[in-house]
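Novice: The structure's right below; bear with me while I get my questions together.
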Amino acid sequence: MGKWKYGFIFIFVLFLHVGNAQSISENFIRITDSLIKAGPKTYAELDAVLKPSRKDSTLMRYFSKEAEKSNYQDGQAYVLNHLGRQYRDISQFSKAIGLHLSALEIARACENIELKVYSLNMLGVVYSRMDALKSALNYYQDALALAETIETPSLSIKRSINVSLNGIGNIYRKLRQYSPAIEKFSEALKLEENLGNKLGLAINYQNIGECYEAQDKLEEALENFEISLSYNNQINSERGRIICNYSIAHVYVHQGKNEEAQVILEEVLSNAMKLDDQKLISEVLINLGVALLSQKKYEEADTRLKESLKIAKRYNLPEQIINACKSLSKIWELKGDYKKAFQYYQQAKSLENEITNTFNLSYVNDLTYRYETEKSINKLQVLSAENELVKTKLRKNQTTLLISGFALALLAGIFYILYRQYQLNNDKKLLTLEQSMLRSQMNPHFLFNSLNSIKLYIINNDKKNAVHYLNKFSKLVRKILEASSLKEISLAEELETVELYMNIENIRFSNEINFNISIDDEVDIHTVKIPSLILQPFLENALWHGLSSIEGEKRIDLEVSRGNNDFIDISITDNGVGRDAAEIIKKSKVLKRKSVGIEITKERLANFAKDYQNTFDVTIIDLFDKEKNATGTRVVLHIPTI
């Protein structure tokens, strides 16, 4: 019995092998052999031969194996990218990413810039469809930066630049930044017109239409969708026609033309199922459900929406899950079953909050990490280059100096190395101070608490305040990161940064803090230079040690005035409990906040003053009333200006 079993398996495997071999035509085998032998390197040359076959996964896999055997890496990278596109179009994103990453590594190994740029763009497309916006943006930006290094770009590179611009525009669109998105799409549109690329024109008109629809500019949206549809008809793109007709129907739903929309969506659904694009199928089902709902066909709408929700959950499509749940909630609300309506609404809201919080936190953390990493790498590269320069000079001196001057050269070399060591130590100290300063500005507690405060506005559906403070928060983070790479900035920029910081911190004090800035007329804050980010530690100290424990009015006054002998005075006055009381309160707390930022700031001021061959002074004054009761604290910074 065992022999018969193994014999059957052998015959079955042999049958599969023969069947697979027979599926590859003699013509394609000849094409593969001749192409591998010729070994073209550009995308255009490869595409001219393989374009008719690139949607046939069997042929593409055969070519990939033959190219790998012959070490033809350019052809292998081309084919792996198109296999990745096939998996992407049927929403199998993990397989698509694996294939595009393999193509990218192979393109790097054979130093093919065109295929590297193409692979990076394809990764951006996949991650964008998965709503992993940060990863998508990174890949698009890397592709665009690499493409723009080429002085005389080929047609393929020009097209890749358009793909990058289009991808970046799509990310703006997903972030609901519609005006900059339209700008990117319009920029890509002009380049596509110059290239005569009708597919690119169709895509960009479609994207512009979606931005207008999101802004409720329905006539402009419809106009762009119809232009996109005409281009898709010219190039006979079935997928493009499906997307355009779906979008037109979507506008009809908004305009209340639900019966017309239903007719279009039924046809679009049938065509989308032939493509097997699960994301598109899910979106069409949602809008078909909405059209039926508007016609009060509740049972049909419920069926369509549940089909969409099932697909969205299976393929992990968050946006479609949210939209399907919201529409199902509306159905059950209209049917009077408020319990079910609330359950669907709760699912949608919970997923929305999860996506928002995860994206905001990971974006800030990744931004900080990436900035610090790049800064460290740049510093190491500079030090390495300087070290190599020193070694080269020493070797040159050893070969050119006479024996009689050897002792003098050696002595000079020793003094030079000692001097460089002194400089490097100073640079290292300055770098350490900058890193410590950045950590004190961007400490995790501040980031986490600020985002939590903004989250409360979102939870309370206070969209206006949520957007207002989120914009201020992102602007503050950007200013801190930009300023931390500069040795000095204008006083105007510093005051703008601390005002943003106080606005964010004031949320957590229920906007009870009255923060005022007054500037002496004799001081031009745009020309006065000071070390970057030196005022925030003193304001933080005033907030958390001075004002956090008092009831009633909370006030911080920041005054800028002209001092003596080319100095400016910056005073920060609070009406808090005073230093003695703050120290007692601090000792009684279980969780103690360390005020390391002030010590770091003093060291940075000392370095700043050295550059001006001058001094600085930080004076802390305790304020009392007539009965010797503490009424607050004043910090005065005496800083040189020349």
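The values are calculated or read from the model by the stated rules, or taken from the named source; none is laboratory data. Keep in mind it's a predicted model, so treat the numbers as computed, not measured. Please note: Cβ atoms are built from the backbone with ideal geometry, for glycine as well, and neighbour counts cover all protein chains shown.
Novice: Give me the pairs: first residue in the stretch 218-229 and of a type in the set (S, T, Y), second residue part of a helix (DSSP H, G or I), beta-carbon distance under 6 Å, and six or more apart or on different chains, which are they?
Specialist: S228/A202; S228/Y205; S228/Q206; S228/C244
Novice: What single numbered condition from (1) in a helix (DSSP H, G or I); (2) within 21 Å of L120 (Cα to Cα) fails to hold for K55?
Specialist: That leaves (1) as the condition not met.
Novice: Please go through the stretch 198-221 and give me each residue that is of a type outside the set (D, E) and surrounded by fewer than 20 Cβ atoms within 10 Å (Cβ to Cβ), ordered by number.
Specialist: Those that are of a type outside the set (D, E) and surrounded by fewer than 20 Cβ atoms within 10 Å (Cβ to Cβ): K198, L199, A214, Q215, K217, L218.
Novice: Let me ask you something else. Mind telling me which of the residues S156, S160, S164 ends up being of a type outside the set (D, E, K, R), outside the structural domain of Q73 (by TED's automatic domain parsing) and in contact with an Asp or Glu (Cβ under 6 Å, 6 or more places away or on another chain)?
Specialist: S156
Novice: Counting only residues that are among the small types (G, A, S) and within 19 Å of E68 (Cβ to Cβ), which one in the stretch 87-105 is surrounded by the most Cβ atoms within 10 Å (Cβ to Cβ)?
Specialist: That would be A103.
Novice: For H250, state whether it is buried (at least 20 other Cβ atoms within 10 Å of the Cβ) and either outside the structural domain of K296 (by TED's automatic domain parsing) or under 19 Å from L288 (Cβ atoms) (or both).
Specialist: Yes; evaluated as a whole, the condition is true for this residue.
Novice: Continuing with the same structure: State whether one or more residues within the stretch 111-122 are in a loop (DSSP other than H, G, I, E, B) and over 15 Å from the mean Cα position of the chain (by Cα).
Specialist: Yes, the conditions are met somewhere in the stretch 111-122.
Novice: From the set of residues in the stretch 564-584 that are in a loop (DSSP other than H, G, I, E, B) and out of contact with any helix residue (DSSP H, G or I) (no Cβ under 8 Å at 6 or more places or on another chain), which is surrounded by the most Cβ atoms within 10 Å (Cβ to Cβ)?
Specialist: The selected residue is D566.
Novice: Inside the stretch 507-536, can you point out the residues that are under 29 Å from I458 (Cα atoms) and not in a loop (DSSP other than H, G, I, E, B)?
Specialist: If the condition is that a residue be under 29 Å from I458 (Cα atoms) and not in a loop (DSSP other than H, G, I, E, B), then I507, R508, I513, N514, F515, N516, Q536 are the ones that fit.
Novice: Follow-up question, since we're still on this one. Select from the stretch 614-632 the residues that are at pLDDT below 85 and aromatic (F, W, Y) and list them in ascending order.
Specialist: Once the filter is applied, which keeps residues that are at pLDDT below 85 and aromatic (F, W, Y), the stretch 614-632 yields only F616.
Novice: Does K610 meet the test of being part of a helix (DSSP H, G or I), out of contact with any Asp or Glu (no Cβ under 8 Å at 6 or more places or on another chain), in the same structural domain as L535 (by TED's automatic domain parsing) and at pLDDT below 80?
Specialist: yes
Novice: Let me ask you something else. In the stretch 253-294, what residues are more than 20 Å from S329 (Cβ to Cβ), of a type in the set (S, T, N, Q) and part of a helix (DSSP H, G or I)?
Specialist: Once the filter is applied, which keeps residues that are more than 20 Å from S329 (Cβ to Cβ), of a type in the set (S, T, N, Q) and part of a helix (DSSP H, G or I), the stretch 253-294 yields Q262, S270, N271, Q278.
Novice: Next up: Residues to consider are S549, S561; find the one that is part of a strand (DSSP E or B), surrounded by fewer than 18 Cβ atoms within 10 Å (Cβ to Cβ) and of a type in the set (G, A, S).
Specialist: When all the criteria are applied, what remains is S561.
Novice: Out of I530, I525, which single residue is without any contact (Cβ under 8 Å) to a residue 60 or more places away in the chain and not assigned by TED's automatic domain parsing to the domain that holds V467?
Specialist: Being without any contact (Cβ under 8 Å) to a residue 60 or more places away in the chain and not assigned by TED's automatic domain parsing to the domain that holds V467 holds for just one of I530, I525, which is I525.
Novice: Quick check on I504: is it assigned to a helix (DSSP H, G or I), surrounded by 18 or more Cβ atoms within 10 Å (Cβ to Cβ) and either assigned by TED's automatic domain parsing to the domain that holds V560 or not small (G, A, S) (or both)?
Specialist: Considered against the rule, which asks whether it is assigned to a helix (DSSP H, G or I), surrounded by 18 or more Cβ atoms within 10 Å (Cβ to Cβ) and either assigned by TED's automatic domain parsing to the domain that holds V560 or not small (G, A, S) (or both), I504 comes out as yes.
Novice: For the stretch 40-49, which residues satisfy the criterion of being assigned to a helix (DSSP H, G or I) and under 35 Å from the mean Cα position of the chain (by Cα)?
Specialist: Y43, A44, E45, L46, D47
Novice: Let me ask something else about it. So which residues in the stretch 145-194 are assigned to a helix (DSSP H, G or I) and either on the phi > 0 side of the Ramachandran plot or among the basic types (K, R) (or both), if there are any at all?
Specialist: Within the stretch 145-194, K158, R159, R173, K174, K184, K190 qualify.
Novice: On the basis of being in a helix (DSSP H, G or I) and either of a type in the set (K, R) or farther than 30 Å from E283 by Cβ (or both), does A96 make the cut?
Specialist: no
Novice: If you scan the stretch 246-272, which residues turn out to be among the polar types (S, T, N, Q) and more than 31 Å from the chain's Cα centre (by Cα)?
Specialist: Q255, N258, Q262, S270, N271
Novice: Considering only the stretch 97-142, how many residues are hydrophobic (A, V, I, L, M, F, W, C) and closer than 14 Å to S160 by Cα?
Specialist: Residues in the stretch 97-142 being hydrophobic (A, V, I, L, M, F, W, C) and closer than 14 Å to S160 by Cα: 7 in total.
Novice: For the stretch 111-144, which residues satisfy the criterion of being surrounded by fewer than 16 Cβ atoms within 10 Å (Cβ to Cβ) and at pLDDT 90 or above?
Specialist: Selection gives E111 alone.
Novice: Does N245 satisfy being assigned to a helix (DSSP H, G or I), under 23 Å from M122 (Cβ atoms) and of a type in the set (S, T, N, Q)?
Specialist: In short, no.
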